[in-house]
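Structure first, then comments.
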Amino acid sequence: MQRELVEYWAHEASLIPVQTYRLLQWRMDRVDEGSWGRMHQLAREQPGLVDDVLAQVAAGGPLRSGQTGFQRPVRAAGQMWNWHDGKVALEYLFWAGRVMASRRVNFERWYDLPERVLPPDVLAQPALGVAERRLGQH
C-alpha cells in the first residue's frame, strides 16, 4: 500500500500529503523556537534522555509512548495532559522531524523513524536548501 498522508504539526496535528512533509522542514529546524515549553525544556536540560528515546525508536519502533519505560504522573488539578518524560521526548522528536507517526490506534501515536514511514521516492529526494525552506515559511 502506498502511503499518501503523514501526520505532522503543520498547523495543529494534521494529516498532510507526503510531498508536503518535506516543505515543513523549516518548522522542524525551529523546534527549539516553536515547540511547547516542556518539550523545549526537556531537550535543553536532558538531551541524553531525548537521545535515549530516539535510540529506543530506532531499535524497536514503531512504539507507543507507554513503551519508553517512563511512568505516567498523576494528573494535577487543571492539567489537561499528564505526559511522562518519554512522551515529552517523543513529541519533541516528532516536532523536529526525527520521528514520525507511523499510525494511530485509538488516538495514540505509534512513533517510528522517517525512513520507515516515508515512501522511498520521498526519502530519495535531495534535502531542501535554506532558500527553498524559506518559501514555506509564513
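Report the charge-dipole magnitude of the chain in Debye, nearest 20, computed about the Cα centre from +1 at each Lys and Arg Cβ and -1 at each Asp and Glu Cβ. Please list the in-between numbers first.
Working: 17 positive and 16 negative charges, 54 e Å.
Computed about the Cα centre, the dipole is about 260 debye.
Quick one: net charge of Glu108's neighbours, Cβ under 14 Å, K/R +1, D/E -1?
Here the count lands on +3.
For mean projected area of the Cα convex hull in nm², one of [x] 11.4; [y] 8.4; [z] 9.3 was computed from the structure I shared and the rest are decoys. Which label?
Recomputing mean projected area of the Cα convex hull in nm² here gives the entry labelled [z].
Kindly report, to the nearest 10 Å², the accessible surface of Leu23 as traced by a 1.4 Å probe over protein heavy atoms only.
Its accessible surface works out to 90 Å², give or take rounding.
Quick check: the angle from helix 47-60's long axis to the longest principal axis of the chain, C-alpha only, nearest 10 degrees?
Computed tilt is about 70 degrees.
Mean separation of Cα pairs under 8 Å and 6+ residues apart, divided by the residue count of the stretch 5-124: what relative contact order is that in percent?
Working: 156 pairs, mean separation 34.1, N = 120.
Normalised by residue count, the contact order of the stretch 5-124 is 28 percent.
Which FRET efficiency value, to the nearest 0.05, do you get for Arg64 and Ala127 by plugging their Cβ-Cβ distance into 1/(1 + (r/R0)^6) with R0 = 25 Å?
0.25
Determine the per residue accessible area of the chain with all protein chains present and a 1.4 angstrom probe, expressed in square angstrom.
60
The values are calculated or read from the model by the stated rules, or taken from the named source; none is laboratory data. Just so it is clear, the model here is predicted, and its values are computed rather than measured. All Cβ positions, even for glycine, are placed from backbone atoms using ideal geometry, and neighbour counts span all protein chains on display. Calculation scope for accessible area: heavy atoms of the full protein, side chains included, ligands and nucleic acids excluded. Shrake-Rupley method; radii C 1.70, N 1.55, O 1.52, S 1.80 Å.
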